[in-house]
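As structure tokens, the structure follows; a few thoughts come after it.
The values are calculated or read from the model by the stated rules, or taken from the named source; none is laboratory data. The model shown is predicted, which means the values in this text are computed figures rather than measured ones. Cβ atoms come from the backbone with ideal geometry, glycine included; neighbour counts cover every protein chain shown. Just so you know, the surface numbers come from the protein's heavy atoms only, side chains and all, with ligands and any DNA or RNA stripped out. Shrake-Rupley method; radii C 1.70, N 1.55, O 1.52, S 1.80 Å.
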Amino acid sequence: QVQLVESGGGLVQAGGSLRLSCAASGSIRSSNNMGWYGQAPGNRRELVAAITSDGSTNYADSVKGRFTISRDNAKNTVYLQMNSLKPEDTGVYYCNADIKKIGWGPVRPYWGQGTQVTVSS
């Protein structure tokens, strides 16, 4: 089995920072694209940032210049450094990873359980 476990969410004042972490564990041969999605109350889940296995990144326009995604391939872990946080960044943040398991079978997406980020004004 493969599990993604997130940590680092919490309550912070506007202008503050948080660092989210997501560690993938289990029978992993390789992890390809990894990313973070955010879901505000009443809204659908949307891509916040993504990173390929060779380090290429992609960000939602709303977080460019404030958030930084990075990864440690040896640890199958992806991070999201969130700076200059705004109240509109509030929501549940989900980790996503495209993983190839040991043995046969295709690459498939896995999701974490989500971590709450609340930014107060």
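Once backbone amide H atoms are built at 1.01 Å from N, Gly114 has Glu6, Cys95 as its partners under 5 Å, excluding neighbours fewer than 5 places away on the same chain. A Cβ-based charge dipole, computed about the Cα centre of the chain with Lys and Arg at +1 and Asp and Glu at -1, lands at about 260 debye. Shape analysis of segment 24-68 places it in the oblate category; the axes a ≥ b ≥ c from the Cα gyration tensor give an a/c of at least 1.5, with a/b not above b/c.
Computed on protein heavy atoms with a 1.4 Å probe, the accessible areas place Glu88, Glu6 in the order Glu88, Glu6, largest first.
Residues whose amide H falls under 5 Å from that of Leu85, counting only those 5 or more places apart or on a different chain, are Gly15, Gly16, with hydrogens built in the peptide plane. With R₀ set to 30 Å, the beta-carbon distance separating Asn32 from Gln116 gives a calculated FRET efficiency near 0.65. Shown for the chain: the carbon plus sulfur share of the solvent-accessible area, taken with all protein chains present and a 1.4 angstrom probe, equals 47%. For the chain, the solvent-accessible area with a 1.4 angstrom probe is 54 square angstrom per residue. Over the chain, Cα pairs under 8 Å with separation of 6+ residues give a relative contact order of 36 percent. Sites count as exposed loop sites when they are trypsin sites (Lys or Arg not before Pro), lie in a DSSP loop, and have at most 14 other Cβ atoms within 10 angstrom; the longest stretch of the chain without one is 65-121. For the chain, the square roots of the Cα gyration tensor eigenvalues, ordered a ≥ b ≥ c, give a/c of at least 1.5 with a/b greater than b/c, which places it in the prolate category.
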